[in-house]
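Below is one structure; the comments refer to it alone.
The values are calculated or read from the model by the stated rules, or taken from the named source; none is laboratory data. What you are looking at is a predicted structure, and each value in this text was computed from that prediction instead of being measured. We place every Cβ from the backbone using ideal geometry, glycine too, and count neighbours over all the protein chains shown. With ligands, DNA and RNA removed, areas are computed over all heavy atoms of the protein, side chains included. Shrake-Rupley method; radii C 1.70, N 1.55, O 1.52, S 1.80 Å.
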Amino acid sequence: MYASTVRGLLVRGMLAGLIAGLFAFAVAYVVGEPPVRGSIAVEEAAAAHDAASAPSGHAGHGGDAASGEAAEEEEELVSRPVQSTVGLATGVLVYGVALGGIASLAFSFALGRVGGFSPRATAALTGAGAFGLVYLVPFLKYPATPPAVGNPDTIGQRTTLFFLMILLSVLLGVGAIILGRRLAPRLGNWNATLTAAGGFVVATALAFVFLPDNSDAVQPGFPAALLWEFRIASLAVQLVLWTVFAVVFGVLAQRLLAARTDDAEVTARQQAPALG
């Protein structure tokens with residue numbers, strides 16, 4: 001029975017993630033695409049300026065051939081219109097479904113273990129926790145940047161640091177929950193929650209101090225207003241994704257668990273005369 005319930009929650013979590021992904025895609029396309037196009041325009045303008053200021057000593061047929069080869073190498077495999085529509089939708093929807101499934105498993109573990117909350121309230125806490133731990137805390141250390149803004153030679157290092165920050169944030173969050181539960185019998189729920197939250201803030205602050213900064217994530221001269229427009233859009237996409245997921249999954253989980261409870265009660269009543 002438990003396994004079938006978890007399986008049902010997993011399916012509903014993925015469905016809720018798909019629905020949340022649709023809303024997130026709409027926000028990403030309307031709010032996020034303009035700063036992306038702006039950053040690409042800045043990059044193209046800088047490349048044109050560099051090409052115009054380059055020395056012309058290698059002009060001639062050899063230079064023309066080299067330019068042609070470079071242009072072919074830099075030709076996009078997927079056009080920008082496809083990237084900003086089909087590509088963006090595919091990425092966001094797959095992201096939503098995957099995280100929805102993972103969040104539903106976290107919900108299954110948390111239900112009944114973090115207080116006497118209803119399934120809807122537990123779904124809301126799960127969505128808020130996922131948004132905070134998976135995105136907001138890492139975002140505060142390593143904020144999002146538009147494409148082609150940072151140093152391309154360090155993109156691997158920057159990606160590694162970002163995912164390391166996600167891992168640390170999740171582990172510290174889980175540790176704070178465990179600490180709060182262990183302190184609750186001695187301190188009470190409220191004081192234990194405050195102590196665990198304070199420990200999480202201190203540990204996160206230490207991680208922020210000791211982890212290296214992405215000093216080359218943004219090239220000098222990039223417009224600050226355009227950078228923050230992109231970051232706010234990125235934050236909005238994640239906020240919409242997790243808010244919609246929490247609402248939709250809360251409704252679906254509430255219905256599933258209520259139906260399973262009713263079935264269990266009916267089965268118990270049917271078995272009661274036989275046991276008597």
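Roughly how many Å² is the accessible area per residue of the stretch 180-240, as a whole number, for a 1.4 Å probe? Could you put the intermediate results ahead of the total?
On the way: 4000 Å² over 61 residues.
In whole numbers, the stretch 180-240 has 66 Å² accessible per residue.
Given 0.36 nm per residue, what is the gain on full extension from R231 to A41 after removing their alpha carbon distance, in nm? Numbers along the way, then the final one.
Working: separation 190, 0.36 × 190 = 68.40 nm, distance 1.73 nm.
Taking R231 through A41 to full extension adds about 66.7 nm, to one decimal.
Assuming R0 = 35 Å, can you tell me the calculated FRET efficiency for the pair L194 and L105, based on Cβ-Cβ distance, to the nearest 0.05?
Details: r = 28 Å, r/R0 = 0.80.
Working from the Cβ atoms, E equals 0.80.
If you average the C-alpha positions of the stretch 1-41 and of the stretch 110-143 separately, how far apart do those two centres end up, in angstrom?
About 16 Å separates the Cα centre of the stretch 1-41 from the one of the stretch 110-143.
Among 125-136, 10-21, 187-198, how do they line up by average Cβ neighbours within 10 Å per residue, starting with the highest?
10-21, 125-136, 187-198
Might you tell me the accessible area per residue for the stretch 84-132, computed with a 1.4 Å probe and given in Å²?
Per-residue value: 46 Å².
Less than 11 Å Cβ to Cβ from L252, Lys/Arg counted +1 and Asp/Glu -1: what total charge do the surrounding residues give?
+3
Please give the FRET efficiency for A207 paired with A258, using the beta carbon to beta carbon distance and R0 = 35 Å, rounded to the nearest 0.05.
0.30
Give me the percent of the accessible area of the stretch 193-242 that comes from carbon and sulfur atoms, probe 1.4 Å, all protein chains in place.
Numbers: 2130 of 2860 Å².
The computed percentage sits at 75.
Roughly what would the spin-label model give for V94 and I178, points 7 Å off Cα along C-beta, in nm?
3.3
Explain nothing, just the number: relative contact order of the stretch 161-224, from Cα pairs under 8 Å at least 6 residues apart, as a whole percent.
Relative contact order for the stretch 161-224 comes out at 29 percent.
So if I place +1 on the C-beta of Lys and Arg and -1 on the C-beta of Asp and Glu, and nothing else carries charge, what would the dipole magnitude of the stretch 84-214 be about its Cα centre? I want it in debye, nearest 20.
Magnitude of the dipole: close to 500 debye.
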